[in-house]
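The values are calculated or read from the model by the stated rules, or taken from the named source; none is laboratory data. Quantities reported herein were computed from a predicted structural model and do not represent experimental measurements. Heads up, the Cβs are rebuilt from the backbone with ideal geometry, glycines too, and the neighbour counts pull from every protein chain shown. Note: areas computed on protein heavy atoms with side chains; ligands, DNA, RNA excluded. Shrake-Rupley method; radii C 1.70, N 1.55, O 1.52, S 1.80 Å.
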Amino acid sequence: MKRRAWLTLGAVVLGGGGIAGYAVASPSTDGAGGPAERPVKVYNLGLKAPETGERELPRTETKQFSLLGISWTGATKQLDGKAQVRTRSVDTGTWSSWQDLETDADPVEDADERAGARGASEPLWVGPSDGVEVQVVHEDGTTSAGLPSGLKVNLVDPGVTAAEADAATEPAAYAEDVTPSPTAPSPTATTPAGPASNVPEPPIVSRADWGADEDLSPDPSEYNTDVKAVFVHHTAGSNDYTCAESASIVRAIYAYHTAPAPNGNGWNDLGYNFLVDKCGTIFEGRKGGVDQPVLGAHTYGWNRESAGIAVIGEYTAAGASNAALTSVARIAAWKLGQYGVDPASTVQLKAGATQKNLAGTSFTSGTSYPFSAISGHRDGYATECPGNSLYGQLPTIRAWAAGPVQGLKVTSLTGATLSGSTYWTKGAITVKWSTTTPGSLISKFELLVDGNVVTTVPGTATSANTTLAAGSHKVAVRAVHQSGKTTPPTTALTVVADTTAPVFATTPKITLRTGTVETAAVPVTLGWKATDAQALKQVNLVSPTTATFGPTITSSNRTAKSGAASTWSMTAYDVAGNTRTSSPAFTPMILQETSATKSGTWTSRSSSSYLGGKSYSSGTKNASLTWTFTGRSAAWVVSRASTSGQAYVYVDGTKVATVDLKSSTTKYRQAIWTKSWSSSAQHKIKIVVVGTSGRPTITTDGLVYVK
């Protein structure tokens, strides 16, 4: 069963400075604590003329209301003055500061045909309130003689619809991220389908869904021939409303416009064709079909060839949200697109009244004048609407509505590494981008590789994937606006796909180096050489410890544990992400001096400073020690002091070095001489005492080799 909101009318005229006789009423609730279904109610309170010459309403308690305005006798009369109101919050009981009402509202074009229609300010949304104070001052600030007669403050309680009452118990009710469903009316015998647009229709909340009581608008709709332009408005009032309140605001404006005088304006319907809240929800305004050229009452003198879009809120000091701007652009583009009008174009509109606009431009009834296809209310009529800030955003709305897509740029390329000005990948990449044009106004994005479209994604997407064949490519993104206008591709990125892994031209190996030898830590040099067909990025040491080396580094001093095999695993990376790992194992071995073959006289010494706690010393000329081993690197370990002598070193029977052990400071376990070979083989290392004059003695601590 269809349920609708009701309208209840009440009137109180204040006299003698007294307080209106309404009791304070709190909002009704159901048993679960949520709001109960409640009809729309409209009241009016009269303003009196005190001795100061102004018209006023002292602080007055009322029944609950959420929107108000002032009205006066004579639909074509203007209020040359300033009107201000204060209200008391139902929730907090506090009074607001004074707020100005916009009194430069357009007169009613068909005033002669509407008995009792009144002049009125723009409505002001104040939220649930139960008290009001009003003051109206003539333009000269001192007298009330020039003020129109019959001044009243009109109060509107938007009520609660059955759907809202039911939804209040559900967590998702009126959630701000809920996207309304399209609700274009079905064609009938008297209302055929409107012309198709060249852009998609955005989602629109229908009159039924926001709770319009159609009994308030019994007159049949009137239609224009077409729509050549749209005029952008603001409803004025607070921007502090929640988006859950938006339907109530629309319902309240509707009641304010349509309630019979003196409670309301006495209009036949909402003045605006569409309303948009700050979260971007679009509401159907004036009845007759959203796809039809419905005659509105929004811009005096220009309603016959246009549609009106009002953004809910006040936008003089602060601009509208991007969500609101996006929806205004979408509805304007769709509406104009039904009649082939470019939103960025200039059109000719025929004046329906002789008047001036805010800038002082004069118009003569019956004469055509140029207008932007998307114009502000002030362009056609002498009003501040839609506010300085929203008016300054009209170029953005036009650009978003008309296209092409603006601000398209690639923001990142994942799956690839940038080296210089070139990206390198193994093949699979993700291109990400951004635009200043909202995605809901974009038809699609195209990912281009070497100038060819390889992937197409919706306009709301911000990335696309593809896999590149081996070789060098140019990658770019192109955007297509919902109007069909195409944005030039972004600057092409050079991306090289490479699947060839690096190679180790020299596999990792360790060689002994000079330094202090510990039982558990032998000084070694790790050496390698990695190459890549394209570009080497880095080489990582994975075990027995970790380190990262640049592409040109080929060695690193490390230490290795003796007596145990250690795997020296290294991974080479190229800039595309291909890898190669090599993991050879090596074992440093310590040969104590006692394992050598002796000749001549050697004396054993004991100290914790020696490897294994012992060493051999000899000052006998030609005394020798010989070690035999199988390996690829060897280091002779000695003790050094200022009195240490010299020794000859023989490798496989050939003298290769004379080593002086003298040192200004005493040192133990010193690898003083090393030798390495390209491969592992059996070798003999022999040391021979030189018998240096004055310091003949040498002390040897053993030999270390790598097997």
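Consider the range 421-448. How many of its residues are closer than 30 Å to Thr499 by Cβ and of a type in the set (Lys, Arg)?
The qualifying residues number 2.
I'm trying to understand the selection: among the residues of the range 295-311, which are in contact with a strand residue (DSSP E or B) (Cβ under 6 Å, 6 or more places away or on another chain) and either surrounded by 24 or more Cβ atoms within 10 Å (Cβ to Cβ) or farther than 28 Å from Leu68 by Cβ (or both)?
Gly296, His298, Thr299, Trp302, Glu305, Ser306, Ala307, Gly308, Ile309, Ala310, Val311
Could you tell me whether Asp215 is within 30 Å of Gly439 (Cα to Cα), among the acidic types (Asp, Glu) and in contact (Cβ under 8 Å) with a residue 40 or more places away in the chain?
Here the answer is no, as Asp215 does not meet what is asked.
Being touching a helix residue (DSSP H, G or I) at 6+ places or on another chain (Cβ under 9 Å) and closer than 15 Å to Thr486 by Cα narrows it down to one residue among Leu441, Leu448; which is it?
Result of the check over Leu441, Leu448: Leu441.
Quick check on my filter: what residues within the range 343-357 are under 13 Å from Ser375 (Cα atoms) and open to solvent by 30 Å² or more (accessible area, probe 1.4 Å)?
Within the range 343-357, Ala344, Ser345, Thr346, Gln348 qualify.
Looking at the range 224-243 only, could you name the residues that are more than 20 Å from Gly380 (Cα to Cα) and either surrounded by fewer than 24 Cβ atoms within 10 Å (Cβ to Cβ) or at pLDDT 90 or above (or both)?
Once the filter is applied, which keeps residues that are more than 20 Å from Gly380 (Cα to Cα) and either surrounded by fewer than 24 Cβ atoms within 10 Å (Cβ to Cβ) or at pLDDT 90 or above (or both), the range 224-243 yields Ser238, Asn239, Asp240, Tyr241, Thr242, Cys243.
Which numbered condition in (1) touching a Ser or Thr at 6+ places or on another chain (Cβ under 7 Å); (2) modelled with pLDDT of 90 or more; (3) of a type outside the set (D, E, K, R) is the only one that Thr103 fails?
Here Thr103 meets the rest and fails (2).
Taking into account only those residues within the range 250-280 that are farther than 20 Å from Val294 by Cα and modelled with pLDDT of 95 or more, which is most open to solvent (accessible area, probe 1.4 Å)?
If we take residues in the range 250-280 being farther than 20 Å from Val294 by Cα and modelled with pLDDT of 95 or more, then Lys278 is most open to solvent (accessible area, probe 1.4 Å).
Please specify each residue of the range 511-540 satisfying the condition of being charged (D, E, K, R), over 14 Å from Arg632 (Cα atoms) and not in a strand (DSSP E or B).
Glu518, Asp532
Inside the range 378-414, can you point out the residues that are open to solvent by 50 Å² or more (accessible area, probe 1.4 Å) and at positive phi?
Answer for the range 378-414, where residues must be open to solvent by 50 Å² or more (accessible area, probe 1.4 Å) and at positive phi: there is none.
Please report, ordered by residue number, the strands (runs of 3 or more DSSP E) entirely within the range 448-510 with at least 2 residues that are open to solvent by less than 70 Å² (accessible area, probe 1.4 Å) and free of Cβ contacts under 8 Å to residues at least 24 places away in the same chain.
452-458
Is one or more of the residues making up the range 547-556 more than 28 Å from Thr414 (Cβ to Cβ), modelled with pLDDT of 95 or more, open to solvent by 30 Å² or more (accessible area, probe 1.4 Å) and more than 42 Å from the chain's Cα centre (by Cα)?
Checking the range 547-556: at least one residue is more than 28 Å from Thr414 (Cβ to Cβ), modelled with pLDDT of 95 or more, open to solvent by 30 Å² or more (accessible area, probe 1.4 Å) and more than 42 Å from the chain's Cα centre (by Cα).
Please list, ordered by residue number, the helices (runs of 4 or more DSSP H) wholly in the range 349-444 having 1 or more residues that are in contact with an Asp or Glu (Cβ under 8 Å, 6 or more places away or on another chain) and farther than 16 Å from Gly459 by Cβ.
Here the list reads 377-380.
Can you find, within the range 517-534, the residue that is most open to solvent (accessible area, probe 1.4 Å) among those that are under 18 Å from Ser556 (Cβ atoms) and not hydrophobic (A, V, I, L, M, F, W, C)?
Across the range 517-534, the extreme among qualifying residues is Lys529.
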